[in-house]
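Student: The following block contains the structure, expressed as structure tokens.
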Amino acid sequence: MADRYAEVRRLLAQRQDLIRALPAMERRIASMAAEGANPWEIASELGISQEAVRSALDRLTAQLRGQPNSRTETGGLGADTDPGVTGGYGDTGFGTLDTEPPPDNTEPSG
């Protein structure tokens, strides 16, 4: 494991109780890191990005050191933050986004 993760590896190896309490994906990342796998190996095994692994390990390191997690994930521009069919999109200034199906304008037979 890279020197950057030597400390988290050591800390995680000592805190199996913390590892067992993590959600499934983070638990797997932490277990593999505690066993000596580097971020690339973990990412490859789990089919996720190295950045996702590094981010999880950084959060775990902060938690093990008793430091607050200063990183917060938020939705990007255009993120749909409202539930429902319209997703919070109403009048756009270009006309209302219609969520109803178009009317049936076909002529009746007969």
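The values are calculated or read from the model by the stated rules, or taken from the named source; none is laboratory data. Fair warning: this is a prediction, and the values are worked out from it, not measured in the lab. So basically every Cβ, Gly included, is an ideal-geometry build from the backbone, and we count neighbours across all protein chains shown. Accessible surface is based on the protein model in full, side chains and every heavy atom, while ligands, DNA and RNA are left aside. Shrake-Rupley method; radii C 1.70, N 1.55, O 1.52, S 1.80 Å.
Student: What single numbered condition from (1) modelled with pLDDT under 55; (2) open to solvent by less than 90 Å² (accessible area, probe 1.4 Å) fails to hold for Pro83?
Tutor: It is condition (2) that Pro83 fails.
Student: Residues in the stretch 41-71 that are polar (S, T, N, Q) and loosely packed, with under 15 Cβ neighbours inside 10 Å: how many?
Tutor: So the count comes out to 6.
Student: Can you name every residue in the stretch 17-40 that is within 16 Å of the chain's Cα centre (by Cα), among the aliphatic types (A, V, I, L, M) and open to solvent by 20 Å² or more (accessible area, probe 1.4 Å)? Show your work before the answer.
Tutor: The first filter runs over the stretch 17-40 and keeps only residues within 16 Å of the chain's Cα centre (by Cα), leaving 22-30.
Filter once more, keeping what is among the aliphatic types (A, V, I, L, M): 22, 24-25, 29-30.
The answer is Ala24, Met25.
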